[in-house]
Structures are given as structure tokens and as C-alpha cells.
Amino acid sequence: MKKQILNTTVSIIAIVWLLSTTYANYTLTNNDINNISLIENKIEWLVNNGKITYSQLETKLDKLSSKKNISEKNQAILNEISLRISEKMTPSKRNFTYKPKWGYAPTIAGTIFIEPSSTMELKVGQKIKNLTDKSYEFGITLQKLTPRMYWVQNGFYNSVFYVWDNGVLVMDTLAWGGGEKVIAAVKSVTDLPITTLIYSHQHEDHIGDVQFFLDEAEKRWVNLEIVSTDKTKEAMIHNGSTLTLATKILDFKNDSFKFEDETISVEWLNNAAHVSDSATWLFENEKVLHIPDYVNPNQVPYLGFGGSHTYNWFRDDLTQIQKHNFDYFSGGHGNIGSKADLSFMLEYTANLELALAQWIEASYNENFFIAKYNNHQASAKAERDFIISTSMDILRDTYGEMYGFEASAPYQLEMLIRAGE
Ligand SMILES: [Zn+2]
């Protein structure tokens, strides 16, 4: 069907040719312009009905233009059609700021969204309602997960804390004033002091507000214990961090410690695609797993998979994270997650691969290496743009209404192409 329509389009262009004769320095007549407008309408119809894309048409026209013995008139007509097509071509049907009228679609079909509660435990798989709107308010969103654990968000960052009979353990302080909000959130559920902090990894956008916790501990005569892996401590020293270093150091590769009756275990990621000290932190009894910047539940991945060095390592890390024994997933950003969010991510990346493979193959049949692009790097860029924009068109059917798709998926496709180069 697609081929048939394509042939129809090409034959319309061919008819225009046959009717024309050779003129030197040809200037389009009113009649030519009328004919071109008719062709343009036909093309628009074909594109709007998904029969062909502008970029496919552009390539076909380039092929026709590059034929020998083309008359000046035909060349002028083709140039005019090409110009009109290029004006219509956009890298994406939607802008990167696209927001669906009725709100973003959930990444996991059938998700139940609830109003946050600091007293009612969240069922595994449930998520917080309208969280992206709450993010912009920069207040506190607090949700009870298990009898002992809470999830807290400020702005676009979040973390978890654990309340025991004698004190509270906080995972990541957050930053830019978020730490003060986390302390307030803890105070809203218990009078107990914060006695232990964990730095999940070296990035200061997650741990930058430690000073608020140190000040609070001093006020309450508490000797605050800060826990990190050896790898995180080394990285902080290497980065010249001015933050207080951890006082209790765990082995990055595999270690654990006790906070009262709870065991918190840490395990390195074999490839650590995000940053060298990325590790999973598991609250074993409560079955809560924390690792920032890999999976943002209820969003597509952030830009280049949360700053991952390579796509291949990122995929390996996801598989490793998924193997842990947890019910609740805490990703540092996005909503409250569960195992289903890891499955979503693995399926999402698999679909990115499929869409790309299809259009990389299609690009072999298109001729990007032509004089029009003036050098081989420009040709390569035209080819890459074609592959990414056509892959986006395919993926948009499934992921187009999800948070972050228009903004971030093109980066991810680019990373996937690089992974295969
Ligand atoms: Zn990070």
C-alpha cells in the first residue's frame, strides 16, 4: 500500500516533467506554480494519512534532481517542491515541552494514583497523584511506605527515611534547601532525633544539604553518624568536596550494617553507568531499595539515561538492580516505584532498540550521500536526523503521552546509535 501511494506521488512528479520542455534559466510560470500547489496538496494528504514522511519524500526528490539530463524547467519545479517540503519538515510533530491536555499518561497501565498520606501505607505499585504539579510547588510530599519507612519529595528530588524506636535514619539529605524540608518531614511524623545519614553516592545534588542535619544534631546533643561507601568517600575527596565526609565507611563492592533491627546492605553496580560509586542500598526487612538517577518511576528516562556513560552499561545496571529482593523502589527522582518500574524501563529500552534497528535499515535505502549536503559529515547528520525522527514517530504511538518523552528520547536514541558504532 505504502509503495503504491509512493509510486503515485512519484508519477505525479513525473507527469509534471513530461509536460515540460527544456528552457535555459527557467522561471516558473503561474501555471507551473498552480501545478506545484496541486502536488503539494497531494503530498500533504499522503503525509497526514501516514503513507509517507516528508523526509522519505525529500530523499526521493533528491534522487530525481541528481539525474543527468534533467531540464532546467524540471529542475526549477523540483527545487520549488523540495523547498516547500523542507519548510514543512520538522524534527518532531511535537515540541519538547509537549504536555498532554489531560495530564501525562502513566508508564504502567492500570496504576492507581492516590493522595499522599503520612499515616496510611502505600500499597506496592500505587503512586502519588499529580506529583509533577507538586514538584513545582517545592513543598514536601510525604508518603508512608511500610510500618517503619517513609518516602519524601521536595521539588524534583526524593528520598526515604526509616524511623526506629530510638532514632531516625535518613537516606540522602537532598540539596538546595531540600534538606530543611526533609528534616521538617521527619519532625511531622516523630519527635525522635535523626541519628544516622547515608550518602547514596557522591553527587551533591542529592547530599548537598548535610549541614542542616549536622546543625540539627548539635542542637539535640546527638552525635550524627554519616554512612557511605569507601568509593564515595574517595570520590568526594578527589572532587575536593567541602561536605562533611562519612564517619562509617562500607565496602563499595558488598557490605551491610545494622540500624537497630534493620539490615541495610550496599552492592556496587558492576559497570556503574551513572557514576563510579553508584550502588544499590537495600533495607532488607522493609524491602525498600534506593538508588538514584537510574529509573525515575512514572517518567521516561531523564535525557541520556540519567547521565549514563554508555547505553550498554545502563542496560546491564538495570538488570542488576532488578534482581534485588525489594517491593518499593526509590529512584531519587520521579514517583514511588516498584519492580514494575524496572520492567517498564527494560521494555522501553528494548523498544528503543527495535525502532532504531528498523530505521537504520531503512536508511540504507535512502541516499543521504549526495552533493546537496556538501560533505560527508553533513550527509551523516542528515541520515542520523532521519533515523532519530522516524524512530520517534514509531515510539510516539506508545510513549508519546508520557512525561519527558519528547525532551529526552532523542538523546537516548542518539546514545543507542553510538552504542552500536
Ligand atoms: Zn547522581
Full-extension gain between Lys187 and Ile33, please, as 0.36 nm times their residue separation minus the C-alpha to C-alpha distance. 48.1 nm
Debye log10 I(q)/I(0) for the chain, one point scatterer per Cα, at q = 0.08, 0.11, 0.13 Å⁻¹: -0.56, -0.84, -1.04
Eligible lysines near Lys101 by straight Cα distance, threshold 30 Å, same-chain separation 8 or greater: Lys51, Lys88, Lys93, Lys123, Lys127, Lys129, Lys134, Lys339
Exposure proxy check on Glu347, Glu80, Glu115: fewest-to-most Cβ neighbours within 10 Å is Glu115, Glu347, Glu80
Based on DSSP H assignment, which helices of the chain show an axial Cα extent of at least 30 Å together with a mean Kyte-Doolittle hydropathy greater than or equal to 0.0? 339-365
Of Lys219/Lys253; Lys219/Lys258; Lys187/Lys233, pairs whose Cα-Cα distance is over 32 Å: Lys219/Lys253
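What order do you get for Met236, Met402, Met171 when you list them from fewest to most C-beta neighbours inside 10 Å? Let's see the in-between values first.
Numbers: Met236 22, Met402 19, Met171 28.
Result, fewest neighbours first: Met402, Met236, Met171.
Roughly speaking, what is the stretch gain from Lys323 to Leu354, that is 0.36 nm per residue apart minus the C-alpha to C-alpha distance, in nm to one decimal? Can you show the working numbers first?
On the way: separation 31, 0.36 × 31 = 11.16 nm, distance 2.41 nm.
Between Lys323 and Leu354, full extension yields 8.7 nm more.
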Simple spin-label estimate for Asp133/Ala380, 7 Å along Cα→Cβ, in nm, reads 4.7 nm
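Kindly provide the helix-only [θ] at 222 nm of the chain, computed as the sum of -39,500 (n - 2.57) over DSSP H runs of four or more divided by all residues, to the nearest 500 deg cm²/dmol?
Numbers: 13 runs with 186 residues, N = 421.
My calculation for the chain gives -14500 deg cm²/dmol from helical runs alone.
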Using a 10 angstrom cutoff on alpha carbons, build the Gaussian network for the chain and name the most mobile of Phe113, Phe213, Phe329. Phe113
Most mobile of His309, His290, His238 in a GNM of the chain (Cα contacts under 10 Å): His238
Label points 7 Å out from Cα along the Cβ direction at Ile417 and Trp102: separation in nm? 3.4 nm
Within a 10 angstrom radius of the beta carbon, how do Tyr403, Tyr98, Tyr294 rank from fewest other beta carbons to most? Tyr98, Tyr403, Tyr294
To the nearest Å, what is the center-to-center distance of region 330-409 and region 31-57, using C-alpha atoms only? 26 Å
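FYI, it's all coordinate maths here, none of it is from the lab. Since the model is a prediction, treat every value here as computed from it, not as a measurement. Please note: Cβ atoms are built from the backbone with ideal geometry, for glycine as well, and neighbour counts cover all protein chains shown.
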